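The values are calculated or read from the model by the stated rules, or taken from the named source; none is laboratory data. As the structure is a computational prediction, the values presented were derived from the model and not from experiment. Note: ideal-geometry Cβ built from the backbone for every residue, glycine included; neighbour counts use all protein chains shown. Keep in mind that these areas ignore ligands, DNA and RNA; they rest on the heavy atoms of the full protein, side chains included. Shrake-Rupley method; radii C 1.70, N 1.55, O 1.52, S 1.80 Å.
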Amino acid sequence: MARNQQITQNLDWIAVLIYILCVMMGWFNIYAAVYSPEVPTSIFDMAHNAGKQLMWLGTTTLLITAILVIDHKFYETFAYIIYGLVILLLIAVLFIGSDINGSHSWIKIGAFSIQPAEFAKLGTSLALAKYLSDPTVSLTRSWKEYLPIAGFIGLPSLLILLSNETGSMLVFAAFVIMLYREGLPGIIPAVGIIMAVLVVMTLLVSNWFIVAGIITLAGLIIWFMPKTTRRQGGLLATLVVAVFMTGVVVGVDFFINNVLQKHQRSRIMVLVDPDSDPRGAGWNVIQSKIAIGSGRLMGKGFLEGTQTKFDFVPEQSTDFIFCTVGEEHGFIGASIVVVLFVGLIGRLIVLAERQRTRFARVYGYCVAGIMFFHFMVNIGMTIGLMPVIGIPLPFFSYGGSSLWSFSILLFIFLKIDSQRPYTLSRT
């Protein structure tokens, strides 16, 4: 009894409260997204998404209880085993999986479907935390330390990509946040940002202008570069970077026009100009922006969203759930959702920084990074700032796999954090 009280007392109730608010708001918005005034149904009706989500909420409560009861050392001890089980599931789904919305990444169990890709984030987070908790591992010592990390991240990413679930695969980029905190040289994220900028510019501006700009910039740098810097390798480094950037521009253009299929090119071009295919790839984004914009300051009111009621936005209870928030609750409601996520992610970073073991800190940053990626991309794609890659908004989007995976991710960390006062430092 004393131990249970101890766990309850040390649980971070700020994070728990934000979680509860997000889950409850998500449930009500799922109901609003599928509600039809012509055939009104109860929020508890198991024949509709809201009722099914309530069932998932009940099972999630049981999972959270189990997580809090299990000893916190379990997650570190069995991290690699959990990762291995997830990999087996990802392999299994390639052979026994079912196709849903063009993705071969689901395992059907009776009337329900489970998506192993959602749990791959959990297994990879635990494996990375376990590996980096080894006192002999240092990201600042040798590049060889990155080979196992690349393997831990690359294997599930490849398997998820093979199941045609590109959106879930891209989420693994979120681990860069944790790696940067643990010593990843800043040049690597910087290169990633530069490449992203070049990709976007390639879509907006003629390649000849970009290449001319790169050559001009490189020439100016070399012109004003001190002679000593040139002799010490500055000249060669500048030329290498210029050639690399030019190669990225040419490579992206070739990839888009010669490798991607027509519908994939359409999705990318829609990011730049949704009106380029208003009844095809651009439909979701255009209708999503209309729905959110029509909510104005206060929103149209609960269950009063016209874009929602007439099904203008596909997948509105899953990937586009934020449209319902914006339309029915307006700018104020949407701002509350953003504040809740920023508060939760900020709180996770605070908790991660106060951990006494490296395992706990690394895992905490993994959770924060994954939450941030989903939050940023999901809301970004509903307002036309991000490509539509089909990833859920944590705790809001309908789906058992999504709710389970995010809840397990979060509460394993809260469980570990609750034992911090009794944990000796192994940083």
- Task: For the chain, with a Gaussian network of springs between Cα atoms less than 10 Å apart, report the residue from Y365, Y146, Y35 with the top mean-square fluctuation.
- Result: Y146
- Query: Ranked from the most accessible area to the least, with a 1.4 Å probe and all protein chains present, what is the order of L385, L235?
  - Reply: L385, L235
- Note on the structure: Computed Rg/Rh for segment 1-144 (Cα atoms; Rh = Kirkwood radius) stands at 1.05
- Query: Using modelled amide H (1.01 Å from N, peptide plane; none on Pro or chain starts), what sits under 5 Å from the amide H of F312, excluding residues fewer than 5 places away?
  - Reply: none
- Anisotropy class of segment 11-51 from Cα gyration tensor, a/c 1.5 cut: prolate
- Can you pull the percent of segment 145-245's accessible area that's carbon plus sulfur, 1.4 Å probe, other chains left in place? 80 percent
- Using the Karplus curve 6.51 cos²θ - 1.76 cosθ + 1.60 with θ = phi - 60°, work out ³J(HN,Hα) for each residue of segment 36-42 in order, rounded to whole Hz, and write x for Gly and Pro. 10, x, 6, 10, x, 10, 7
- Using just the alpha carbons, could you tell me how many Å³ per residue the convex hull of segment 303-362 encloses? 87 Å³
- Decide, for segment 60-173, between rounded, prolate and oblate: order the square roots of the alpha carbon gyration tensor eigenvalues as a ≥ b ≥ c, take rounded if a/c falls under 1.5, and otherwise choose prolate if a/b is larger than b/c, else oblate. oblate
- Which one of C22, C366, C323 has the biggest mean-square fluctuation once the chain is modelled by GNM with Cα springs under 10 Å? C22
- Item | Gaussian network model of the chain, Cα within-10 Å springs - most flexible of S405, S36, S288 | S36
- Item | Around S405: net Lys/Arg minus Asp/Glu count, Cβ-Cβ under 15 Å | -1
- Item | Under the Karplus curve 6.51 cos²θ - 1.76 cosθ + 1.60, θ = phi - 60°, whole-Hz ³J(HN,Hα) for segment 243-252, x wherever Gly or Pro sits | 5, 4, 5, 5, x, 4, 4, 5, x, 4
- Calculated from backbone phi, Karplus (6.51, -1.76, 1.60) coupling profile of segment 72-78 in Hz, x at Gly/Pro: 5, 6, 4, 5, 7, 5, 9
- Item | Shape call, segment 118-223: gyration tensor on alpha carbons, a/c limit 1.5 | oblate
- Message: So for the chain, considering every pair of alpha-carbon atoms, how many percent are separated by more than 29 Å?
- Response: 52 percent
- Message: For K130, give me every one of the lysines with a C-alpha distance below 20 angstrom, ignoring sequence neighbours fewer than eight places off in its own chain.
- Response: K73, K121, K144, K415
- Return the long-range amide H neighbours of L303 (sequence gap of 5 or more, or a different chain), with a cut-off of under 5 Å between placed amide H atoms. none
- Query: Could you state the number of Å between the C-alpha centres of segment 171-214 and segment 86-134?
  - Reply: 28 Å
- With Cβ to Cβ distances under 11 Å as the rule, what net charge do the other residues near A79 carry (K, R +1; D, E -1)? +1
- Item | Evaluated over segment 284-427, the Cα radius of gyration and Dmax, each in Å | 17.5, 57
- If you roll a 1.4 Å probe over segment 287-427 with all protein chains in place, what percent of the accessible area is carbon or sulfur? 67 percent
- Gyration tensor (Cα only) of segment 357-409 to equivalent ellipsoid, semi-axes in Å sorted down, yields 23, 15, 6
- Which residues' amide hydrogens lie under 5 Å from the amide hydrogen of M386, considering only partners 5 or more residues apart or on another chain, with H built in the peptide plane? M381
- Message: Counting heavy atoms of the protein chains only and a 1.4 Å probe, report the per residue accessible area for the chain as a whole number of Å².
- Response: 49 Å²
- Query: Sorted by packing (mean other beta-carbon atoms within 10 Å per residue), highest first, where do 87-94, 69-76 land?
  - Reply: 87-94, 69-76
- Solvent exposure ordering (accessible area, 1.4 Å, most first) of M245, M298, M46: M298, M46, M245
- Task: Would you mind putting 219-228, 334-343, 180-189, 124-133 in packing order, based on average other-beta-carbon counts within 10 Å, highest first?
- Result: 124-133, 334-343, 180-189, 219-228
